[in-house]
Every structure is written in structure tokens, then in C-alpha cells.
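Each remark here refers to the structure printed beneath this line.
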Amino acid sequence: MKSVIGWSIGLLLGLGLIAIGAFYTPSGPVRVLCGIEDMSPGTYCETTTYGQKSRQSYEEKLREATDTRNSLTPGSRWVTIGIGAVFAIPCGWRLVIAIRRKAKGGSGPAAQALPDQQPHPGFPPTPEYPQQPGFPPQQQVWQQPGFPPQHGFQQQPGHQPPQAGYRPPQPGHQQPQQPPHQ
């Protein structure tokens, strides 16, 4: 439950940043400043930079401030949209995964290790053995739907089934000869 909430918050944050980058436009008058003081029409701003004095009128500073605001807006829009996408895409993907796991009834190896659930696909079912005295009864073996039940090893086509008392010879050993029956 915590992961669903966390990924939802991340997704909303990312989508919010995308919306701000796509639709927000700064409005209102541009503030014209000379240092930290506001300027008004007809005033001049005198500054000294590296020993050089400069003087700018209110109209020049207004044009400079407007150009700066307009030039940064498109770049900052793309940056905001990009940061929003960096949040929204992975958070949205992880949210989908968390919801799917929650719908399946749990996640991780602890939820899959319960005896009433299926083992990992790709592993063959274990063979059933007779009940031994002094041991708890075995649980039912998982069976894949659509396949016949398997008990022990299946006989391969084209091979003879083993006979009682017969033991195949090991490689490198000779089979003892038995006298013929009379």
C-alpha cells in the first residue's frame, strides 16, 4: 500500500511539472531594477563594473528585463517539462507494477512461498512418494493445467521399461555371465 501511495505522489509531481512547463506563462508587469531599487520612467541607473561606469535609462533597462524574461521562458519550459517527464515516466511504470502485484495478492518471494500457491513456472513438479511413518503428510503437488498428472518419471518412447531385479551395467564394467537354464 505504501508503494502505491509513493509512486502515485511521484507521478502527480511529474505530471504537475509537465503541466507547468507546457501551460504556464509569466504574466504581470516586468519589474525594472537598478541594483535592488525599483526604477520609474525618466530615471537613470548608474553602475560601476570593474572600474567602468555605465549609465542606462529606464527604457533601456525595461527592454533588457523584457528580453531576459522572454529569452529564458522557452528554455525553462523545456527544462521543466524534461524534469517532469523524468519523474512521471518511472513513477507511472512502478505504479502499474505495484497495482498489478497488489491485485495478484502479494509480491515477492514471501507471498509465492505459501503452500496454497503455485511454484515458480519452469520448474517441474516434484514426484509423489508414499507416506513414511513418523513424518507429516505431504501436500498436493502443483499440476500445470492442461497436462496429465505425472507420478515419478515418465517412460521415454522407444525404451523398454525396467524389469524387476534388473540393473543396467555401469560403463567400464563387464556383466557377470550366468549359466544357461536347463
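Below is a table of values for the structure above.
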{"item": "Packing rank of 77-89, 33-45, 57-69, where each peptide gets the mean count of other beta carbons within 10 Å, highest leading", "result": "77-89, 57-69, 33-45"}
{"item": "Estimated D of region 1-86 in µm² per second, where Rh is the Kirkwood radius over Cα pairs and Stokes-Einstein applies at 37 °C, 0.692 mPa s", "result": "205"}
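Where a number appears in this text, it was derived from the coordinates with a stated rule and is not lab data. Quantities reported herein were computed from a predicted structural model and do not represent experimental measurements. Neighbour counts are summed over all protein chains in view; Cβ atoms, including those assigned to glycine, are modelled from backbone coordinates with ideal geometry.
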